[in-house]
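Quick notes on the structure that follows.
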Amino acid sequence: MASNQDDTHDASGSRNNVENEIKRGLTVMKSIIRARDKGEKFEVHWSAEDQLIEPNGSMLAKKKYGPRYRSFHIDESRQKYCIQLAGKRLRGFRSFLSNKFLKDEEGKFVEAERPMKYAEIISAEEWDNFVAKRRNEKFHEVSDKNRKRASKPAYPYKKGRTGYARLQQRILAKEKSDATSLPEHVLWKVARVGKDGAVVEAVQNIYDECETLSQTLPSTEIQDCRSLLSRVLNVPEYSGRVRGKGFGVTPSSFYKKPKTKNPTNKEVMETLAELRA
């Protein structure tokens, strides 16, 4: 039977671990810290479809607790992408906080104080608002719906943290191709091949259907609000994204459609006047 001394030692060790965690605080990549101390910045590279690629793309995309953009050379034209990326990382950080501190092993919500490790970036008021929102019934309804939708994907992605853009870069480099991009259904298929190299029959069938459809549909019809891949999968295309291309690619940027605007009242009246003349 364990002695009281052992219990005291375990409790003391647990407190020491917590204290060490608090003292350690937030950390970032050592290479970024060294470069920042030297006044150096990392160059960021982009694909033909305006997505982060190597070198240094993964360093910026995977940074924990939100990207520190001051450590990278980023053109002003990429501001929107970086803001969206920061938002994506923030949502991931919020999920981490919720699962780590607000839920027990069974996934039920528990009372929790603000974690001191993050006190420098989360105020007491912000923590209270965060906890209140996570306990909101409407939030739970949306969260449960999204969780169910993502829990059992029919065609699971099998490339870990490697996004579509860097996966595409690897494929083109390996094949020594002069192409700047791959069709979305080709990239979609490769992203669902496991380490054993085997292609699931259901994935192969979708790919074959895409190949067949691409030969029969006019290019103008393919480049509409639904991509070729979405048509074959028979799923809706969500606004602001192209299925099989990953973060940062939108229909307007992918299909290079010129932006249009509604005519003004003056222009409408002038057109009517010309028609009556």
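The values are calculated or read from the model by the stated rules, or taken from the named source; none is laboratory data. Since we're looking at a predicted model, the values are computed, not measured. Positions of Cβ are backbone-derived with ideal geometry, glycine not excepted, and every protein chain shown enters the neighbour counts.
Some values worked out for this structure:
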{"item": "Helices (runs of 4 or more DSSP H) within the stretch 141-255 that include 2 or more residues touching a residue at least 24 places away in the same chain (Cβ under 8 Å) and surrounded by 10 or more Cβ atoms within 10 Å (Cβ to Cβ)", "result": "164-174, 184-190, 201-216, 228-233, 251-254"}
{"item": "Conditions (1) charged (D, E, K, R); (2) under 24 Å from Arg78 (Cβ atoms); (3) in contact with a Leu (Cβ under 7 Å, 6 or more places away or on another chain): number failed by Arg231", "result": "(2)"}
{"item": "Residue match in the stretch 186-207 (condition: among the small types (Gly, Ala, Ser), under 28 Å from Leu60 (Cα atoms) and in contact with a Leu (Cβ under 8 Å, 6 or more places away or on another chain))", "result": "yes"}
{"item": "Residue in the stretch 15-59 that is modelled with the highest pLDDT, counting only those that are of a type in the set (S, T, N, Q) and farther than 18 Å from Gly248 by Cβ", "result": "Ser31"}
{"item": "Neighbours by Cβ (under 8 Å, 6+ apart or cross-chain): first from the stretch 108-127, closer than 15 Å to Arg94 by Cα; second of a type in the set (Asp, Glu) and surrounded by fewer than 15 Cβ atoms within 10 Å (Cβ to Cβ)", "result": "Lys117/Glu21"}
